[in-house]
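A.B. asks: Mind looking over this structure? Questions follow.
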Amino acid sequence: MAVDLSYSPEVDALIERTSEFVRDVVLPIEDAHSGDITAAGGDALRVELQAEAKGRGLLAPHAPVEYGGLGLDMSDRAPVFEAAGYSLFGPTALNIGAPDEGNVHLLAHVADAAQKEQFLGPLARGEVRSAFAMTEPAPGAGSDPAALTTRAEKAPGGWKINGHKWFITGADGAGFFIIMARTSGAPGDRGGATMFLAPASAPGIRVGRHIDTLDRAMIGGHCEVFFEDLFVPDEAVLGAVDEGFAYAQVRLGPARMTHVMRWLGAARRGHDVAVAYVAKREGFGSRLGDLGMIQKMVADNEIDIAATRALLVSACWELDRGETASDSTSIAKAFGSEAIFRIVDRSIQMCGGMGVSGDLPLARLSREVRPFRVYDGPSEVHRWALAKRVVGKAKRAAREEGRS
């Protein structure tokens, strides 16, 4: 069977225009503010950059065309998102940053017509931001979503939600929340969760402190959020009652891959910076780039970039075919998050003292990519889930063989 890994002329042109926009407009702003999006202007900067992106035909490449996007599938998103991720501010500029990008994907697949009009359209056009409220303090939902403790109790005409969330990205300044709450069962049960949509202005939503984290490039922070007798009407249920965990997989698999896309772009910038440095810097009687140990790091970076791209392409192909792609997305996420950190870490090492200074972007890239080994499922959880599926398949095969 023939395998074609090329992109259409339209996608190739979009990649080039994205790269030009990031290089000429976005990178200078990131560099001037050391990758801190709040210091660079926060929401005001977002609005400005997205207006420029829209004028260039680059805004929301992932969103449905009828809601102002470019309608790219997962495979075509990969090189465009990587090009945007070359700057830490690039995803915000194109409206493809977390959590909004994943929420657009979720709403496009699950929301009804009225919900799409009220929430998806404004989000895709960059008129509002959003937040996905699932993670809770211990012993609540984290890497194990089944531990969900936030509850929604039926009330006349709707539901009343109570719970405490944290590490909710983008919560400060979000226009609306997608809330995961338990509508049946007890914490630990594999089912019984429901997703709800609620405007951020609704009485009963309180955004608390910003949790201080390594990264500085995600707009709206990572916040604590409290739901205190929040009433949402029946029409605010996203999808069906008690089906929230299934819908979470609709969002999380693709969102993990788009994280890989974006941060692969950041790692590639780190590699480019390091290679340019060692090609010029002299030491020990030659240019650093001519020394064997430096060449090994350069080669290992090239290998990690190529391997991450290959795993990403494979996983996106499966997702575009409508498959769950549980194994391929776990493999690409676990490998990619670790490879991306290795690329940036080697790049720092190649540049020595300059690498850990503010004179090059490498230190801040390291700060941003390190949490990816935790976000959207720690590497250990993906390895455990992958191994569990593989061993389970072998056990089933053994049982079938025993019956034959």
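The values are calculated or read from the model by the stated rules, or taken from the named source; none is laboratory data. What you see is a predicted model, and the numbers here were worked out from it, not measured in a lab. Cβ sites come from the backbone with ideal geometry, for glycine too, and all protein chains shown count toward neighbours. Note: areas computed on protein heavy atoms with side chains; ligands, DNA, RNA excluded. Shrake-Rupley method; radii C 1.70, N 1.55, O 1.52, S 1.80 Å.
A.B. asks: Residues that are of a type in the set (Gly, Ala, Ser) and over 20 Å from the mean Cα position of the chain (by Cα): does region 266-275 have at least one?
C.D. replies: Filtering region 266-275 down to residues of a type in the set (Gly, Ala, Ser) leaves 266-267, 270, 274.
With over 20 Å from the mean Cα position of the chain (by Cα) added as a condition, the list becomes 274.
Yes, some residue in region 266-275 is of a type in the set (Gly, Ala, Ser) and over 20 Å from the mean Cα position of the chain (by Cα).
A.B. asks: Might you check whether a residue that is of a type in the set (Val, Ile, Thr) and in contact with a strand residue (DSSP E or B) (Cβ under 9 Å, 6 or more places away or on another chain) occurs anywhere in region 92-106? Spell out the reasoning first.
C.D. replies: Residues of region 92-106 of a type in the set (Val, Ile, Thr): 92, 96, 104.
Still in the list and also in contact with a strand residue (DSSP E or B) (Cβ under 9 Å, 6 or more places away or on another chain): 104.
Scanning region 92-106 turns up at least one residue that is of a type in the set (Val, Ile, Thr) and in contact with a strand residue (DSSP E or B) (Cβ under 9 Å, 6 or more places away or on another chain).
A.B. asks: Give just the number: which of (1) open to solvent by less than 60 Å² (accessible area, probe 1.4 Å); (2) small (Gly, Ala, Ser); (3) over 14 Å from the mean Cα position of the chain (by Cα) does Gly253 not satisfy?
C.D. replies: Going through (1) open to solvent by less than 60 Å² (accessible area, probe 1.4 Å); (2) small (Gly, Ala, Ser); (3) over 14 Å from the mean Cα position of the chain (by Cα) one by one, Gly253 breaks only (3).
A.B. asks: Considering only strands (runs of 3 or more DSSP E) fully contained in region 85-179, which possess at least 2 residues that are surrounded by 24 or more Cβ atoms within 10 Å (Cβ to Cβ)?
C.D. replies: 130-133, 158-169
A.B. asks: Now a separate question. Could you list all residues from region 223-238 that are open to solvent by 10 Å² or more (accessible area, probe 1.4 Å) and not in a helix (DSSP H, G or I)?
C.D. replies: Glu224, Phe226, Glu228, Asp229, Phe231, Pro233, Val237
A.B. asks: Could you check region 23-44 and list, in sequence order, the residues that are in contact with a Ser or Thr (Cβ under 8 Å, 6 or more places away or on another chain) and within 11 Å of Thr92 (Cα to Cα)?
C.D. replies: Result: Val26, Ile37.
A.B. asks: Can I ask one more? With assigned to a helix (DSSP H, G or I) and over 16 Å from Gly85 (Cα atoms) as the only criterion, which of Glu30, Glu52, Glu16, Glu20 stands out?
C.D. replies: Residue meeting the stated conditions: Glu52.
A.B. asks: If Tyr7 meets every condition in (1) within 15 Å of the chain's Cα centre (by Cα); (2) not in a helix (DSSP H, G or I) apart from one, which number is that one?
C.D. replies: (1)
A.B. asks: Spot the failing condition for Thr329; the list is (1) within 25 Å of the chain's Cα centre (by Cα); (2) β-branched (Val, Ile, Thr); (3) closer than 21 Å to Gly35 by Cα, and only one is missed.
C.D. replies: Tallying (1) within 25 Å of the chain's Cα centre (by Cα); (2) β-branched (Val, Ile, Thr); (3) closer than 21 Å to Gly35 by Cα, Thr329 fails exactly one: (3).
A.B. asks: Would you mind telling me which numbered condition in (1) assigned to a helix (DSSP H, G or I); (2) surrounded by 14 or more Cβ atoms within 10 Å (Cβ to Cβ) Val241 fails?
C.D. replies: (1)
A.B. asks: What's the total number of residues in region 189-210 that are more than 27 Å from Val374 (Cα to Cα) and either exposed (fewer than 14 other Cβ atoms within 10 Å of the Cβ) or free of Cβ contacts under 8 Å to residues at least 24 places away in the same chain (or both)?
C.D. replies: Residues flagged as more than 27 Å from Val374 (Cα to Cα) and either exposed (fewer than 14 other Cβ atoms within 10 Å of the Cβ) or free of Cβ contacts under 8 Å to residues at least 24 places away in the same chain (or both) within region 189-210 amount to 2.
A.B. asks: Can Ala186 be described as without any contact (Cβ under 8 Å) to a residue 12 or more places away in the chain and out of contact with any His (no Cβ under 7 Å at 6 or more places or on another chain)?
C.D. replies: Yes; evaluated as a whole, the condition is true for this residue.
A.B. asks: Could you tell me which of the residues Val3, Val65 is free of Cβ contacts under 8 Å to residues at least 40 places away in the same chain and within 22 Å of Thr308 (Cα to Cα)?
C.D. replies: Only one candidate qualifies: Val3.
A.B. asks: Which members of region 60-73 meet the condition of being in contact with a helix residue (DSSP H, G or I) (Cβ under 7 Å, 6 or more places away or on another chain), open to solvent by 10 Å² or more (accessible area, probe 1.4 Å) and hydrophobic (A, V, I, L, M, F, W, C)?
C.D. replies: Residue satisfying the conditions is Leu72 alone.
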